[in-house]
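To start, the structure under review is shown below, and the notes come after it.
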Amino acid sequence: GGGVRGWVMIPLGATGLSTEEGAVRVDPLGVVRSIPGDPAVRVWFRPGVRTAMAPSPPGPDDRSVPAAIRPRLTEIAERFSAGATTPFERVERIADALRTRYRYSLQFERTPRVDPVIDFLDRHPQGHCEFFASSLALLGRAAGVPTRVVGGYRVAERNPIGDYFVVREKNAHAWVEAWDDARGWVTLDATPESEVPQNVGHESRWWAALGDGLAVMAG
């Protein structure tokens, strides 16, 4: 892991965290930051369920839906989640509908003076990950499930020489955490994975793996 301007970048499933100064700050959202004076260039952690760093339960902001678009969001959420028997299954079915009925693209149209999420859902079903995440979050809330949009990085590329994972700027991504009464916050990603090849699990090419390994050894 590492830090960027005070933000400590660690996997979602991380516990037993330690930095160069041995302490971090954690906010109610579960975001981890370094303490003043600690550059947090190197971070050590053990994989496992978060305990002391666990995010707080959902609040009013995690249930909020703009009044102007709530009726349409409710209609779409009911259609996408038809047949679900539990609240969390409703949001899972909504995520599946977005993955299969909409297309990932960095080139898209948006209708002026129309809410961009509604435009994405109703008129122009193409967009980048932030449209998929925002749509899932708002549709989930309309279906009665607390949700929130999360920004971070997808870990997909493994260096076979050093046996570690590489995270690059192109792996920046947005997804959703939805609340389940039994499990707490659960990660859901509505973006079609096959259309974002850099975020599909793969190994580095040998020349790239060698270059990254040398850079790690030098730095």
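The values are calculated or read from the model by the stated rules, or taken from the named source; none is laboratory data. All of these numbers come straight from a predicted model, not from anything done at the bench. Quick reminder, even Gly has a Cβ in these numbers, built from the backbone with ideal geometry, and neighbours come from all protein chains shown. Just so you know, the surface numbers come from the protein's heavy atoms only, side chains and all, with ligands and any DNA or RNA stripped out. Shrake-Rupley method; radii C 1.70, N 1.55, O 1.52, S 1.80 Å.
Screening region 154-165 for residues that are touching a Lys or Arg at 6+ places or on another chain (Cβ under 8 Å) and either over 14 Å from Pro11 (Cβ atoms) or not hydrophobic (A, V, I, L, M, F, W, C) (or both) and picking the one that is most open to solvent (accessible area, probe 1.4 Å) gives Tyr164. Would you please name the residue that is most open to solvent (accessible area, probe 1.4 Å), looking only at residues in region 166-175 that are out of contact with any Gly (no Cβ under 7 Å at 6 or more places or on another chain) and either outside any strand (DSSP E or B) or touching a residue at least 40 places away in the same chain (Cβ under 8 Å) (or both)? So, considering only residues that are out of contact with any Gly (no Cβ under 7 Å at 6 or more places or on another chain) and either outside any strand (DSSP E or B) or touching a residue at least 40 places away in the same chain (Cβ under 8 Å) (or both), the one most open to solvent (accessible area, probe 1.4 Å) is Glu169.
Report whether or not Phe80 is touching an Asp or Glu at 6+ places or on another chain (Cβ under 6 Å), surrounded by 18 or more Cβ atoms within 10 Å (Cβ to Cβ) and closer than 17 Å to Leu188 by Cα. It is false that Phe80 is touching an Asp or Glu at 6+ places or on another chain (Cβ under 6 Å), surrounded by 18 or more Cβ atoms within 10 Å (Cβ to Cβ) and closer than 17 Å to Leu188 by Cα. For region 110-139, a residue qualifies if it is crowded, with 23+ Cβ neighbours inside 10 Å and of a type in the set (Gly, Ala, Ser), and the qualifying residues are Gly127, Ala133, Ser135, Ala137.
Of the residues making up region 180-206, those that are open to solvent by 30 Å² or more (accessible area, probe 1.4 Å), assigned to a strand (DSSP E or B) and within 15 Å of Leu12 (Cα to Cα) are Trp185, Thr187.
Residue-wise test of (1) touching a residue at least 60 places away in the same chain (Cβ under 8 Å); (2) open to solvent by less than 40 Å² (accessible area, probe 1.4 Å); (3) closer than 23 Å to Arg154 by Cα.
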residue: Gly22; (1), (2), (3): no, no, no
residue: Pro28; (1), (2), (3): no, no, yes
residue: Arg33; (1), (2), (3): no, no, yes
residue: Gly37; (1), (2), (3): no, no, no
residue: Ala54; (1), (2), (3): yes, no, yes
residue: Pro57; (1), (2), (3): yes, no, no
residue: Leu73; (1), (2), (3): yes, yes, no
residue: Thr85; (1), (2), (3): no, no, no
residue: Leu98; (1), (2), (3): yes, yes, yes
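Would you pick out the residues in region 141-193 that are modelled with pLDDT of 95 or more and over 21 Å from Ala54 (Cβ atoms)? Those that are modelled with pLDDT of 95 or more and over 21 Å from Ala54 (Cβ atoms): Arg141, Ala142, Ala143, Gly144, Ala190. Where helices (runs of 4 or more DSSP H) fall wholly inside region 83-162, the ranges with 3 or more residues that are within 20 Å of the chain's Cα centre (by Cα) and of a type in the set (Gly, Ala, Ser) are 129-142. Given the structure, is Thr86 polar (S, T, N, Q), modelled with pLDDT of 95 or more and under 19 Å from Thr187 (Cβ atoms)? The answer is yes for Thr86.
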